[in-house]
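Peer 1: Quick one: the structure is below, and I'll ask about it shortly.
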Amino acid sequence: MRLAERAKNISPSPTLAIDARAKKMIAAGEKVVNFGAGEPDFDTPEHIREAAIAAIRAGMTRYTPVAGTMQLRQAIVDKLRNDNGLDYRPEEIVVSAGAKHSLYNAMQVLLQPGDEVILPAPYWVSYLEQIKLAGAVPVIVQTRQENGFKLTVEELLSVVNRRTRMVIINSPGNPTGAVYTREELSALGHAVLEHGLIVISDEIYEKLLYDGLEHVSIASLSPALKEQTVVINGMSKAYAMTGWRIGYAAAPAPVAKAMADLQSHSTSNPTSIAQAASVAALTGTQEPVGEMVEEFRRRRDYMLERLQAIPGINCNRPGGAFYLFPSIDGYIGRQYKDHTIKGATDLAGILLDEVKVAVVPGVAFGDDRCFRLSYATSMENIREGLDRIEQVLKEIK
Ligand SMILES: *Cc1c(COP(=O)(O)O)cnc(C)c1O
């Protein structure tokens, strides 16, 4: 059977691929330390799970409005006002089957063939594929580790041309944990307005912030910027609800309407029960979020200290999310047994084969001088995994 060109151009998610390989080894009884996880290792808080059970019992089992129940959209409107200083109306909110789906809908309704989208690297893999699926052209801009892996205005302006339509900002970011400051966003915002660009602002890691850093939504910087921005967020990361599949977009009404219309012909509404649980997540106690963040911070601090003590490893201090993204520049071109290390992919292969440690090579995010380590795993695993990594790195000649 012939596949459409569109399908032939999709690369399967490489982060899920390494995770799958590690899980296969674990299933076979091997003691793998998995630093590949892209989701919190915590359970969904109890009161949220109870809300879902109550929703089933109350018979909330039918179709809801395509863009989400009014109750959930109102809870999102309130959240955006209280947390982010953003004023939206329920008609400007579209709830989808995860933030990934929200991003997909946004790109489908905003991009045309030939449009260029500025994608700062290292990037989260699905952006790249979604841009291509919309027929647009990704313009990858390599950010610098010295700049905290953040896109600068100069870098942005160096690639803007008549065809540039959109720029993607992900703060706090996956895979780097980079958090943009208000000043940095404001500088980017000026350039965005000057060139009439659209911003997709993926704020899914908003709640996972450390060191007293502040989350700023670029849309909140001015009414003009809000008009040019689609804010993306969801339940997965803040509330440990990855499996529930609820994300949302906030966008100017005509864009939100187009996204809902598109969704009406694909998935329709996201699961009614998960929507009810999401209302509880947004309106109930935020205490579990705080506890999770505190545990993530403890792990980050420990891991960062250990990594920074390894010669040849250069790791930035991530301000948010649950990943470390060390550069392995110091090992490139060197030898482990009979392997020459050409990049993080080779090193990741050696770590998995030799000491059963799974990391995600940076090639997956457009930068193979680094790899991603997730600290969404127990302190015990983290200790053991770092011991094993150290052991391998010591043997590299
Ligand atoms: C996890 C993640 C998402 C999507 O999460 P959903 O489970 O689809 O809500 C979106 N963007 C980034 C950067 C992520 O890491």
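The values are calculated or read from the model by the stated rules, or taken from the named source; none is laboratory data. All of these numbers come straight from a predicted model, not from anything done at the bench. For neighbour counting, all protein chains shown are included, and Cβ atoms are generated from backbone atoms with ideal geometry for every residue, glycine included. Protein only, heavy atoms only, side chains kept; ligands, DNA and RNA dropped before computing areas. Shrake-Rupley method; radii C 1.70, N 1.55, O 1.52, S 1.80 Å.
Peer 1: For the range 114-211, run through the trypsin sites (Lys or Arg not before Pro) and keep only the ones in DSSP coil with at most 11 other Cβ atoms within 10 Å of their Cβ.
Peer 2: On the way: sites: Lys132, Arg144, Lys150, Arg162, Arg163, Arg165, Arg182, Lys207; in loops: Arg144, Lys150, Arg162, Arg163, Lys207.
Taking the range 114-211 and a limit of 11 other Cβ atoms within 10 Å, the loop trypsin sites (Lys or Arg not before Pro) found are Arg144, Arg162.
Peer 1: Let me ask something additional. Which one of Asp329, Asp211, Asp387 has the biggest mean-square fluctuation once the chain is modelled by GNM with Cα springs under 10 Å?
Peer 2: Asp211
Peer 1: Another question, then. With every protein chain left in place, what is the accessible area of Arg369 in Å² (1.4 Å probe, nearest 10)?
Peer 2: 100
Peer 1: Right, something else. Contact order normalised by length for the range 60-283, with contacts defined as Cα pairs under 8 Å and 6 or more residues apart; what percent is it?
Peer 2: 29
Peer 1: Can you pull the three principal axis extents for the Cα set of the chain, in Å, largest first?
Peer 2: That works out to 60, 54, 54 Å along the principal axes.
Peer 1: Using 0.36 nm per residue of separation minus the Cα-Cα distance, give me the extension gain between Ser378 and Thr340 in nm, one decimal.
Peer 2: Details: separation 38, 0.36 × 38 = 13.68 nm, distance 3.18 nm.
So the extension gain works out to 10.5 nm.
Peer 1: What FRET efficiency comes out for the pair Gln391/Met70, r = Cβ-Cβ distance, R0 = 56 Å, nearest 0.05?
Peer 2: Computed FRET efficiency for Gln391 and Met70 comes out at 0.50.
Peer 1: If you take every residue apart from Thr229 with its C-beta less than 12 Å away from the C-beta of Thr229, what net charge results, scoring Lys and Arg +1 and Asp and Glu -1? Spell out each step's value before the answer.
Peer 2: Numbers: positive: Lys226; negative: Glu92, Asp202, Glu203, Glu227.
That works out to -3.
Peer 1: Setting aside same-chain residues fewer than 8 positions from Lys342, which lysines have a Cα under 21 Å from its Cα?
Peer 2: Lys356, Lys394, Lys397
Peer 1: Where in the range 259-283 does the label zone of Thr61 land, with the point 7 angstrom along Cα→C-beta and an amide N cut-off under 17 Å?
Peer 2: Correct set: 271-277.
Peer 1: At 7 Å along the Cα-to-beta-carbon direction for both Arg298 and Lys257, put a label point, then send me their distance in nm to one decimal.
Peer 2: Each label point lies 7 Å from its Cα, and together they span 5.1 nm.
Peer 1: Given a 1.4 angstrom probe, I'd like the percentage of the accessible area of the range 330-397 that is carbon and sulfur, rounded to a whole number. Mind dumping the intermediate values first?
Peer 2: Numbers: 1270 of 2760 Å².
Of all accessible area on the range 330-397, carbon and sulfur atoms account for 46 percent.
Peer 1: Now for a separate question. Would you mind giving the average projected area, over all directions, of the Cα convex hull of the range 60-283 in nm² with one decimal?
Peer 2: The directionally averaged projection comes out at 11.3 nm².
Peer 1: Something else now. Hey, what did the chain get for relative contact order, percent, Cα under 8 Å, at least 6 apart?
Peer 2: Here the relative contact order equals 23 percent.
Peer 1: Give me the net charge for the shell around Glu91: Cβ to Cβ below 11 angstrom, other residues only, Lys and Arg +1, Asp and Glu -1.
Peer 2: +2
Peer 1: Given a 10 angstrom Cα cut-off, can you work out which residue in Thr44, Thr283, Thr345 is the most mobile in a GNM of the chain?
Peer 2: The residue that fluctuates most here is Thr283.
Peer 1: Among the aspartates and glutamates, select those whose C-alpha is under 20 Å from the C-alpha of Lys226, and discard any that sit fewer than 8 residues away in the same chain.
Peer 2: The qualifying aspartates and glutamates are Asp78, Asp83, Asp87, Glu91, Glu92, Glu183, Glu184, Glu194, Asp202, Glu203, Glu206, Glu214.
Peer 1: While we're on this one: Select from Glu384, Glu194, Glu129 the residue whose mean-square fluctuation is largest in a Gaussian network model of the chain (Cα-Cα springs shorter than 10 Å).
Peer 2: Between Glu384, Glu194, Glu129, it is Glu194 that shows the largest mean-square fluctuation.
Peer 1: Work out how much length Ala20 to Thr181 would gain on full extension: take 0.36 nm times their residue separation and subtract the Cα-Cα distance, in nm to one decimal.
Peer 2: Going from the current span to full extension adds 54.4 nm.
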